[in-house]
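The values are calculated or read from the model by the stated rules, or taken from the named source; none is laboratory data. The structure presented is a predicted model; accordingly, all values stated were derived computationally and were not measured. Glycine also receives a Cβ, built like all others from the backbone with ideal geometry; neighbour counts cover every protein chain displayed.
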Amino acid sequence: MKVCIVGAGAIGGYMGVKLAQAGAQVTLIARGAHLQAIQEKGLCLRLADGREDWVQDVVATQDIKVAGVQDVVIVALKAQSVPSVAPSLPALYKEETMVVTAQNGIPWWYFRKLDSPYADYRIQAVDRDGIVEANIPVDRVIGCVVYPAAEIVAPGIIRHIEGDRFSLGELDGAKTERIQKLSQLFNRAGLTSRVRNQIRNELWVKLWGNLAFNPISALTRATLAQICQYPLTRELARNMMLEAQAIAEKLGVDFGISLEKRIAGAERVGAHKTSMLQDIEAHRPTEVDAIVGAVAELGRLTQTPTPYIDAIYASVKLLEKTLRGESDRSH
């Protein structure tokens, strides 16, 4: 199976190594020093036990057009980067090409193929101008909830921190032949993959914690354990999650676990810096629009007050702007 990973960073690179080892013909879309290192030496996955897995038999390029048509396109970019890349993606399609969307937060396709009064609503926070949907036809989309943690420790070297689970789902919940083949490929690669008939429920369970802990960590520089163990920030996270729960339940979502159990799960992760905090420390744009802004937007759509979510969203957006100004002045 021919697989193109658009955005071969930490998660995309992790998937690329595992899929290549399982026999897929993998093309990696990357850039800069990371791309150069892959082209020169291959891509390395450093495992928790210190072992290193190298793959050299992959195509690595910055030019999507070089990749040619694919069976599977995995978009592993962060949500804020997808609109700028989306117009290039059709060069990868043939009639039956699947597009796996592996972003955090509320996806642009959330209301598509869903029996909902909002079926035609476009989520402005993630696809304001409709560019993404125009270039990723909804019939191609496979929803994906990403659980592993990984990081780029040096150009061409990915460190796997924890987790191997990637839940997959057709937007209408069908267990199609194509998604079962994709799940089998992931599982052969050691990427634990179950086909879900309610992918949105699972998306919300992950987002439920992310929308609180990620921005709080970005603002406080605290780890998950610190946020959960300090009473004031634990209560803040809880209030944000209660607002999100009210929205999700109006949209028909069943969380399946209690709020306190979800907080306890985050606390067990321990002294972990969230991806949003890592982005803030590196002066990179964050996923705050997809993870927090989109939930606030759904609050307005469903007439659900979100004062805690709104306040934290505004604070992270200003922090981003401030850091961007500092970065601009330093050049």
Scanning the stretch 282-310 for residues that are more than 19 Å from residue 106 (Cα to Cα) and without any contact (Cβ under 8 Å) to a residue 40 or more places away in the chain, the one nearest to the chain's Cα centre (by Cα) turns out to be 284
Within the stretch 48-72, of all residues that are outside any strand (DSSP E or B) and among the β-branched types (Val, Ile, Thr), the one farthest from residue 182 (Cα to Cα) is 66
Per the filter on the stretch 154-184, residues within 30 Å of residue 39 (Cα to Cα) and out of contact with any strand residue (DSSP E or B) (no Cβ under 8 Å at 6 or more places or on another chain) are 154, 155, 181, 184
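I'd like the residue in the stretch 25-47 that is at pLDDT 95 or above and assigned to a loop (DSSP other than H, G, I, E, B) and, out of all such residues, is farthest from residue 76 (Cα to Cα). Let's see the steps before the verdict.
Just the residues of the stretch 25-47 that are at pLDDT 95 or above, to begin with: 25-46.
Of the ones still in play, those that are also assigned to a loop (DSSP other than H, G, I, E, B) are 30-31, 42.
Numbers: 30: 11, 31: 14, 42: 19 Å.
Of everything passing the filter in the stretch 25-47, 42 is farthest from residue 76 (Cα to Cα).
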Subset of the stretch 114-137, residues surrounded by fewer than 16 Cβ atoms within 10 Å (Cβ to Cβ), assigned to a loop (DSSP other than H, G, I, E, B) and without any contact (Cβ under 8 Å) to a residue 60 or more places away in the chain, comes to 115, 117, 119, 120, 128, 129, 130, 137
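Got a number for residues in the stretch 168-215 being in a helix (DSSP H, G or I), among the basic types (Lys, Arg) and under 12 Å from residue 145 (Cα atoms)? Working first, answer last.
Going through the stretch 168-215, the residues in a helix (DSSP H, G or I) turn out to be 177-188, 199-215.
Narrowing the set further to residues that are among the basic types (Lys, Arg) leaves 178, 181, 188, 200, 206.
Checking which are under 12 Å from residue 145 (Cα atoms) leaves us with 200, 206.
The number of residues fulfilling the criteria is 2.
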Assess whether residue 190 counts as being modelled with pLDDT of 95 or more and on the phi > 0 side of the Ramachandran plot. yes
The helices (runs of 4 or more DSSP H) lying wholly within the stretch 221-331 that contain at least 3 residues that are under 19 Å from residue 103 (Cα atoms) and at pLDDT below 95 are 275-281
